[in-house]
Amino acid sequence: MGTNYNNRDAIEIAPGVFHLGVQDSNFSFSNIPYLVVDGEEAVLIDPGSAKKDFFEVILRKIESVIDPKKIRHMIVQHQDPDLCAAMPLLEEMVHQDVEIRAPLEAQILVQHYGCAHNVIPVDDGETLSFGNGRTLVFAMTPYCHFIGNMVTYDTKTKVLFSSDAFGGFTGENELYAGEHYPLQLATFLGHYLGSKRALTYALKRIELLESTHGIELIAPQHGCLIKKEKIPAFMEAAYDLEVGGEIDRLAAKNGIEI
């Protein structure tokens, strides 16, 4: 397996799990939907952007793996348009009875993208089984970086789809996190998160999944995949992050004491 991804090929990062990443070179900001295939059914996690050049890449990669009509479920881990605005476009191509799931608080906003199907709210610890009995577990990570935020865990491959947690700004199409990823993590997660308490909870919830099930790979919605042997080091780096720095900058600029 290569160390970079491109705009042509879906990459199988674990059995039945495909990386559909698109790199936004203008902002060093990758957007990575994931396709999980089991038997004759598939789940699309964080369906991606509606921007034409992004969506075309995602659709091309899906079609290189399966008939889109095999997608029976779309999972939205939070409401940001870069990760779910493509849902109405995909609804015309996936299974006619597709089910869309999102955290309750995200459901309130996701409905405004104009989906034809109702969005099903999910809560912490709920599961979804599909295909030949493959099971996904949902774990809420509120305020990381939105109140309705969650991560998704595949019990078959032990892949954690971590949403924004462990996301980073990356200027190249690197598939796996390298030595510079702690800095890339800080420039993204440190900037987009305002609460250290929320980050700490999210990390501890992920550690609970690790202790209960084991994690072989972390697959964030931005940035790079983190292999099992590097998870402890990046977990430590995440715990050490300073977040909410923009508040301090503007407070100092405007003479506001907090």
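Taking only C-alpha pairs under 8 Å that are 6+ residues apart, what is the relative contact order of the stretch 18-159 in percent?
18
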Worksheet item: For residue 126 and residue 96, what is the calculated FRET efficiency with R₀ set at 25 Å and r taken between the beta-carbons, to the nearest 0.05?
Response: 0.55
Worksheet entry | Euclidean distance of C-alpha centroids, the stretch 182-199 and the stretch 19-49, integer Å | 22
Item to complete: Per DSSP H run of n ≥ 4, the term is -39500 (n - 2.57); total these for the chain, divide by its residue number, and report the mean residue ellipticity at 222 nm rounded to 500 deg cm²/dmol.
Response: -9000 deg cm²/dmol
Fill in: Relative contact order [Cα under 8 Å, 6+ residues apart], the chain, whole percent
16
Worksheet entry | Residues with amide H under 5 Å from that of residue 99, placed H, sequence gap 5 or more | 73, 74
Practice prompt. Give me 98, 43 ranked fewest to most by other Cβ atoms within 10 Å of their Cβ, as a rough exposure proxy.
Written response: 98, 43
Practice prompt. Order by neighbour count: 65, 57, 159, fewest other Cβ atoms within 10 Å first, most last.
Written response: 65, 57, 159
Practice prompt. First check a/c for the stretch 18-149, with a ≥ b ≥ c the square roots of the eigenvalues of its C-alpha gyration tensor; if it is under 1.5, answer rounded, and if not, answer prolate when a/b is larger than b/c or oblate otherwise.
Written response: rounded
Worksheet item: Give me the log10 of I(q) over I(0) for the stretch 90-164 at q = 0.11 Å⁻¹, as the Debye formula computes it from C-alpha points; what are the numbers?
Response: -0.30
Fill in: Directionally averaged projected area (convex hull, Cα atoms, the chain), nm²
13.6
Response to the item:
Out of 231, 206, 62, a Gaussian network model of the chain with alpha-carbon springs under 10 Å gives the largest mean-square fluctuation to 231
Worksheet, complete the sentence: Given pairs 70/204; 230/253; 196/230; 61/227; 204/230 and cut-off 27 Å on Cα-Cα distance, the over-length ones are 70/204; 230/253
Worksheet, complete the sentence: The rounded separation in angstrom of the Cα centers of the stretch 220-245 and the stretch 129-179 is 12
Discussion item. For the stretch 121-258, take the convex hull of the Cα atoms, compute a quarter of its surface area, and give me that in nm², please.
Written reply: 9.6
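Neighbouring Cβ atoms within 10 Å as the yardstick, rank 160, 90, 59 fewest first.
Lowest to highest Cβ neighbour count: 59, 90, 160.
No value in this document is a laboratory result; all are computed from the given coordinates. This structure is a prediction, so every number in the text was calculated from the model and none was measured. With ideal geometry, Cβ positions are generated from the backbone for all residues, glycine too; neighbour counts draw on all protein chains shown.
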